[in-house]
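Here is the structure we will look at, set down as structure tokens.
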Amino acid sequence: MQKNKLIKKYNKQVKMYEKNRNNPTLAPWRREILKGLQGKVLEVGVGAGANFAFYDKASIHITGVDFSPEMLKSARKAADSHQVNTELLLKNVENLDFESNSFDHIVSTLSLCSYQNPAGVLAKFNKWCRQDGSIRLLEHGLSSNKFLSLSQKAIDPIFTKISGCHCDRDILQLVKKANIKVDRVDRYWSDIVYLIWAKPSVN
Ligand SMILES: C[S@@+](CC[C@H](N)C(=O)[O-])C[C@H]1O[C@@H](n2cnc3c(N)ncnc32)[C@H](O)[C@@H]1O
């Protein structure tokens, strides 16, 4: 989907994402994937700041990036209310660049579904993340169940038109394509939900 259209779509969805901050299904997955993070953290596609409640705020500085001004406004409120040390950048993640080794950890939750080139975004994590740091992903994508994956592929065009995000992306394939080193994968809901703990490849 064209960038400006997608930004408008996400601007309009901000109330839904605010309500979803306390989603009881997502909360344990968010807590699990963010466990133990300290130092400088980059969160791409930060949205309404749904993860802020789950960081260890004593020891963290978050750089949150999103191209939706409405999402970022909401993320600012969430960061202030959770007292998380946060800098927010209104940027397109796909055009973004940082110096090598800028971050201890990089987090993406439910954002790989939206990018035009998700493997390209992931590949940049190898440069931005310190070698002794980690890449943490909580994403939805293609199921391992044949019937479900066929259905996901069939509905993807309409799903994208309505929500702005793709439902048929093979997240592990994208991670592999980006040359990111996977340490652990947990999957839920017929493998539609992916929790991935990974490390950057040498850059
Ligand atoms: C599905 S929401 C997920 C929000 C949040 N990460 C969460 O876990 O609730 C995807 C977010 O990514 C942002 N996004 C999508 N494509 C982007 C891009 N190319 N650059 C920056 N932000 C983007 C959207 O504006 C939206 O806030």
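Every read-out reported here was derived from the displayed coordinates using simple, explicitly stated rules and does not represent laboratory data. Given the structure is predicted, the values throughout are model-derived calculations rather than measurements. Glycine gets a Cβ as well: all are built from the backbone with ideal geometry, and neighbour counts include every protein chain shown.
Some observations on this one:
- Entry note, the range 3-199: relative contact order of 19 percent, from Cα contacts under 8 Å with a spacing of 6+ residues.
- Cβ-Cβ FRET estimate between E99 and Y188, R0 fixed at 45 Å, reported to 0.05: 0.80
- Each label was represented as a point 7 Å from its Cα along the Cα-to-Cβ direction; for K8 and Q38 these points are 4.7 nm apart.
- Applying a 4.7 Å Cβ-Cβ cutoff to the chain leaves C129, C167 as cysteine residues with no disulfide-compatible partner.
- When the convex hull of its Cα atoms is viewed from all sides, the chain shows a mean projected area of 10.3 nm².
- Under the Karplus curve 6.51 cos²θ - 1.76 cosθ + 1.60, θ = phi - 60°, whole-Hz ³J(HN,Hα) for the range 67-74, x wherever Gly or Pro sits: 9, 9, x, 5, 4, 5, 4, 5
- Gained length - M1 relative to N23, 0.36 nm times residue gap less alpha-carbon distance: 5.2 nm
- Per residue, the convex hull spanned by the Cα atoms of the range 121-203 measures out at 90 cubic angstrom.
- The mean sequence separation of alpha-carbon pairs under 8 Å and at least six residues apart, normalised by the residue count of the range 27-71, gives a relative contact order of 47 percent.
- Based on alpha-carbon atoms, the Kirkwood radius and the radius of gyration of the range 42-161 give Rg/Rh equal to 1.01.
- Ellipticity estimate at 222 nm from DSSP helix runs (n ≥ 4, -39,500 (n - 2.57)) divided over the chain, nearest 500: -11000 deg cm²/dmol
- Separation in nanometres of the label points that stand 7 Å from Cα toward Cβ, at H61 and S201: 3.0
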